[in-house]
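What follows is one structure encoded as structure tokens, with my remarks underneath.
Coordinate-derived values only; no laboratory data. Predicted model only: the values in this text are computed from it and were never measured. Cβ: placed from backbone, ideal geometry, glycine included. Neighbour counts: every protein chain shown.
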Amino acid sequence: MMRELVFATNNTHKLNEIREIIGNRFRVMSLADIGCKEEIAEDAATIEGNASQKSWYIFNKFNKDCFADDTGLEIVAIGGKPGVKSARYAGEDCNPENNIRKILHELEAVSDRKARFRTVISLILNGQELQFEGIVEGLILPEKRGNGGFGYDPVFLPDGYDQSFAEMTLDEKNKISHRARAIQKLIDHLGRSSLLLKTDPAG
């Protein structure tokens, strides 16, 4: 059987992206797959801290090898914000549309629209943690473009491309995205550690 790893999320967009990137290398399980119904805290001061907080929670409670990610959009002109607050930038009960509206308002009179997406993955295997980072540079568009993706994708234009993340197919985005780059580092590490050659002990 394929080796199993728990991905500490129930976000279907993230699950689909990561399962697409990883393919059939191993089975990625969600929180729902292991019966974790509680909301895991994400109240650390950094992206790295949030990823670590989530992965340790799953490992300590379920004793399963796992990984968790956290992602932030960092915009130069507003001091790296929204950063670790990206998901709730417009308030605790906000949605992606609210977040986009807020950053576009803050950048209305700004010419420097440089930004980057940054993902950090915390992997825990046998009680040991490693972190992997993926970054994609780009800029914030003055208005939304495209109907795909999620979060800030409609207003993020990656360097070297003429399509926003929301205008790209999932396959196109996965070739260059911050999450894809972090996941590739994760996969490379798992390959070097020969994890992919092992079978599930329960199988």
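Summed over qualifying helices (DSSP H, 4 residues or more, each -39500 (n - 2.57)) and divided by its residue number, the chain shows a 222 nm mean residue ellipticity of -9000 deg cm²/dmol.
Put in line by how crowded their Cβ is, counting other Cβ atoms within 10 Å and starting with the fewest, LEU130, LEU73, LEU186 read LEU130, LEU186, LEU73.
For the chain, the relative contact order works out to 20 percent when only alpha carbon pairs closer than 8 Å and six or more residues apart are counted.
Once you've got the GNM for the chain with C-alpha springs shorter than 10 Å, pick whichever of ASP93, ASP112, ASP70 has the biggest mean-square fluctuation. Result for the chain, Cα springs under 10 Å: ASP93 fluctuates most.
Sorted fewest first by neighbouring Cβ atoms within 10 angstrom, MET29, MET168 come out as MET29, MET168. When the chain is treated as a GNM with alpha-carbon contacts under 10 Å, the residue of GLU74, GLU48, GLU39 showing the greatest mean-square fluctuation is GLU39. For each pair in LYS54/LYS173; LYS64/LYS175; LYS54/LYS85; LYS61/LYS102; LYS37/LYS81; LYS81/LYS175, compute the distance between the two Cα atoms and list the pairs where it is over 27 Å. Too far apart for the 27 Å limit: LYS64/LYS175; LYS61/LYS102; LYS37/LYS81.
What percent antiparallel are the DSSP beta bridges of region 4-197, to the nearest 5? Bridges in region 4-197 are about 85 percent antiparallel. Centre-to-centre, using Cα atoms only, region 1-70 and region 168-187 are separated by 17 Å.
Converting phi to 3J(HN,Hα) with the Karplus coefficients 6.51, -1.76 and 1.60 and the offset θ = phi - 60°, region 128-133 yields 10, 9, 10, 10, 10, 10 Hz in sequence order, with x at every glycine or proline.
Listed from fewest to most Cβ neighbours within 10 Å, the set CYS94, CYS66 follows the order CYS94, CYS66.
For the chain, there are no membrane-span-like helices by this rule, meaning no whole DSSP H stretch whose C-alpha atoms cover at least 18 Å of axis and whose Kyte-Doolittle mean is 0.0 or above; this says nothing about an actual membrane.
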